[in-house]
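Trainee: Dumping the structure here so I can ask a few things about it.
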Amino acid sequence: MHASPVYHPFTATQGLPFSEAVRVGDFLFLSGQVGLDESGKLVAGGIAPETRRTMENIRSVLERHGSSLDRVVKVTVMLADIDEWGAMNAEYVKFFPGHLPARSAFGTSGLALGARVEIEAVAVV
């Protein structure tokens, strides 16, 4: 028996060409998140505050769909500048005190909205 995907569109921002999250069976796949605040603006201050806010946004999406950070099994990190990998990691690990999910990270030639970091996650529900 196979599980059918359940698509969860973004609620705060209408009209985006992708879902906020997709649930398939016991897995929840999140679209990439960037460090946007409640007003939809990128937080100021560079990679550290953007990473914190991105992870807070991921936590919110997970909780909204019945999961949590402690159930994340895989993360993909995209960095506008791979030289900021260390500074991003310093903030990232604070969100996973009990376990470290499998992870990939890579540098890009640019990210949406001029972000320094974008992070996507897969979690168990």
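Trainee: Please give the FRET efficiency for VAL73 paired with LEU16, using the beta carbon to beta carbon distance and R0 = 25 Å, rounded to the nearest 0.05.
Mentor: On the way: r = 25 Å, r/R0 = 0.99.
Working from the Cβ atoms, E equals 0.50.
Trainee: Sum -39500 (n - 2.57) across every DSSP H segment of at least 4 residues in the chain, then divide by the residue count to get the 222 nm mean residue ellipticity, nearest 500. If you can, show how the numbers build up before the last one.
Mentor: Details: 2 runs with 26 residues, N = 125.
It lands at -6500 deg cm²/dmol.
Trainee: What is the angle, in °, between the Cα long axis of helix 47-64 and the longest principal axis of the Cα atoms in the chain? Nearest 10 is fine, range 0 to 90.
Mentor: It works out to around 10 degrees.
Trainee: In addition: For SER60 and ALA90 in one chain, what is 0.36 nm times their gap in residues minus the Cα-Cα distance, to one decimal in nm? Write out the running numbers ahead of the final one.
Mentor: Values: separation 30, 0.36 × 30 = 10.80 nm, distance 2.06 nm.
Here the segment from SER60 to ALA90 would lengthen by 8.7 nm.
Trainee: Which value in nm describes the separation of the simple spin-label points at SER39 and LEU100, placed 7 Å from the Cα toward the beta carbon?
Mentor: 3.7 nm
Trainee: If you don't mind, there's one more thing I want to ask. For the range 56-105, restrict the atom set to alpha-carbon positions and state the Rg and Dmax in Å.
Mentor: Every Cα atom of the range 56-105 included, Rg and Dmax give 11.5, 35 Å.
Trainee: Check ALA21: other-chain or 5+ apart residues with amide H under 5 Å from its amide H, H built from backbone geometry?
Mentor: Residues meeting the criterion, in which the H sits 1.01 Å from N, are HIS8, SER31.
Trainee: Please report, in Å, the Rg and the Dmax of the range 82-124, where both are computed over Cα atoms only.
Mentor: In Å, with Rg to one decimal and Dmax whole: 11.6, 33.
Trainee: Right, another one. If the elastic network links every pair of Cα atoms under 10 Å, which of LEU113, LEU62, LEU30 fluctuates the most in the Gaussian network model of the chain?
Mentor: Among LEU113, LEU62, LEU30, the largest GNM mean-square fluctuation belongs to LEU113.
Trainee: Per residue and in Å³, how big is the convex hull formed by the alpha-carbon atoms of the range 1-56? Provide the component values of the computation, followed by the final result.
Mentor: Working: hull volume 5.2 nm³, N = 56.
Per-residue hull volume (Cα only) is 93 Å³.
Trainee: Using a Gaussian network for the chain with springs between C-alpha atoms less than 10 Å apart, which of these wobbles most: ARG52, ARG103, ARG23?
Mentor: The residue with the greatest mean-square fluctuation here is ARG103.
Trainee: Go through ARG64, ARG59 and list them by solvent-accessible area, largest first, probe radius 1.4 Å. Write out the running numbers ahead of the final one.
Mentor: On the way: ARG64 125, ARG59 85 Å².
Ranked from most to least accessible, the order is ARG64, ARG59.
Trainee: OK, next. Based on Cβ point charges of +1 for Lys and Arg and -1 for Asp and Glu, what charge dipole magnitude is obtained for the range 18-87 about its Cα centre, in debye rounded to the nearest 20? Show your work: numbers first, answer last.
Mentor: Numbers: 8 positive and 11 negative charges, 50 e Å.
Rounded to the nearest 20 debye, it is 240 debye.
Trainee: Positive end of the charge dipole of the chain (Lys, Arg +1 and Asp, Glu -1 on Cβ, about the Cα centre): tell me which of ALA90, GLY66, PHE18 has its Cα farthest that way.
Mentor: GLY66
Trainee: Right, next: Let me check I have the definition right: for the chain, take the eigenvalues of the Cα gyration tensor, multiply each by 5, take square roots. What are those semi-axes in whole Å, largest first?
Mentor: Working: eigenvalues 107, 60, 33 Å².
Three semi-axes, in Å: 23, 17, 13.
Trainee: Related question: About the Cα centre of the chain, how large is the charge dipole given +1 on each Lys and Arg Cβ and -1 on each Asp and Glu Cβ? Please answer in debye to the nearest 20.
Mentor: Numbers: 11 positive and 14 negative charges, 48 e Å.
Dipole of the chain, to the nearest 20 debye: 220 debye.
Trainee: Further, regarding this structure: May I ask you to rank HIS99, HIS2, HIS65 by accessible area, largest first, using a 1.4 Å probe over the protein chains only? Before the final figure, lay out the partial values.
Mentor: Values: HIS99 55, HIS2 150, HIS65 35 Å².
Ranking HIS99, HIS2, HIS65 by accessible area, largest first, yields HIS2, HIS99, HIS65.
Trainee: Of the candidates ALA90, ALA21, ALA80, which one comes out as most mobile in a Gaussian network treatment of the chain with C-alpha springs shorter than 10 Å?
Mentor: For the chain, modelled as a Gaussian network with Cα springs under 10 Å, the answer is ALA90.
The values are calculated or read from the model by the stated rules, or taken from the named source; none is laboratory data. The model shown is predicted, which means the values in this text are computed figures rather than measured ones. Every residue, glycine as well, gets a Cβ built from its backbone with ideal geometry; the counts of neighbours run over all protein chains shown. Keep in mind that these areas ignore ligands, DNA and RNA; they rest on the heavy atoms of the full protein, side chains included. Shrake-Rupley method; radii C 1.70, N 1.55, O 1.52, S 1.80 Å.
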